[in-house]
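The values are calculated or read from the model by the stated rules, or taken from the named source; none is laboratory data. Here the structure is a predicted model, which means the values were calculated and not measured. For neighbour counting, all protein chains shown are included, and Cβ atoms are generated from backbone atoms with ideal geometry for every residue, glycine included.
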Amino acid sequence: MSVYNTILRSKKEIADGTIAFYFEKPVGFIFKAGQFGDFTLINPVETDTEGNTRGFSLASAPYEADLMIATRMRDTAFKRVLRAMEIGTEVLLDAPYGSFTLHNNPKTQAVFLTGGIGVTPVRSIVLQAAHDNLPHRVLLFDSNRKPEDAAFLNELVEAQENNLNYRFIGTMTEMEKSGMKWNGETGYVTKAMLEKYVGDLTLPIYYLAGPASMVTAMRKTLNEAGVDDDNIRTEEFSGY
């Protein structure tokens, strides 16, 4: 891998407590949809025991002009510096890393199961698949507490218009706390919900991304349904 210098170009809130940060794409930087990079703050005004480097999924698709990451804004020194960072500030990027990327065989369906900010690498994969006109059938089950918390919700729903092989299934677990209307699924992703949209659960390749507890629970559900571990790929998001 290589270390690049990049600068912050813009930032915006994309869900309650979640901010997207857009960085200049370094010249010659190439990555695959679904990969991540380590971002290091340069001489930050504060630091703590967690250090000045964090790994973030590259939520932008490779074809997009900028590099984008998105994160829940915990109250840590790194996140406080990141939130207050002025446009034009330079950071270091060590990337790309990771193999959480779409499989090659288009005959095998891809099923993504994401929770919270775990959807970030999948945004990259879904948009790039549409851009490249890939023939893969892609289903995305995205679970959040309520629509206000769901990063990229409208974008992931609208992406269905550009790719007839892609379907978005959102589900909300705490709609009683929401002030928005929601016509999608509710409750946690279960075997019954998966079978409703997937059919034979043993056929696809699954991609699990989210908090460790969610990834563990979904793997257990899939294993009990007869899915082989060789067909399950994971990306855990801890401390986000």
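Figures for the structure shown
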{"quantity": "Cβ pairs under 6 Å, 6+ apart, first in the range 1-23 and closer than 16 Å to V91 by Cα and touching a residue at least 40 places away in the same chain (Cβ under 8 Å), second assigned to a strand (DSSP E or B) and of a type in the set (K, R)", "calculated": "A20/K12; F21/K11; Y22/R9"}
{"quantity": "Criterion: at pLDDT 95 or above, assigned to a loop (DSSP other than H, G, I, E, B) and out of contact with any strand residue (DSSP E or B) (no Cβ under 6 Å at 6 or more places or on another chain) - qualifying residue of E50, E46", "calculated": "E46"}
{"quantity": "Top-ranked residue in the range 211-240 [being assigned to a helix (DSSP H, G or I), β-branched (V, I, T) and touching a Leu at 6+ places or on another chain (Cβ under 8 Å); ranked as nearest to G118 (Cα to Cα)]", "calculated": "V215"}
{"quantity": "Hey, S124 assigned to a helix (DSSP H, G or I), closer than 30 Å to L41 by Cβ and either free of Cβ contacts under 8 Å to residues at least 12 places away in the same chain or within 14 Å of the chain's Cα centre (by Cα) (or both) or not", "calculated": "yes"}
{"quantity": "Close pairs (9 angstrom Cβ cut-off, 6 or more residues apart or separate chains): in the same structural domain as M73 (by TED's automatic domain parsing) and surrounded by fewer than 10 Cβ atoms within 10 Å (Cβ to Cβ) in the range 221-240, in a strand (DSSP E or B) and not small (G, A, S) anywhere", "calculated": "none"}
{"quantity": "Where A59 falls short, out of the listed (1) over 30 Å from M193 (Cα atoms); (2) touching a Lys or Arg at 6+ places or on another chain (Cβ under 6 Å); (3) small (G, A, S)", "calculated": "(1)"}
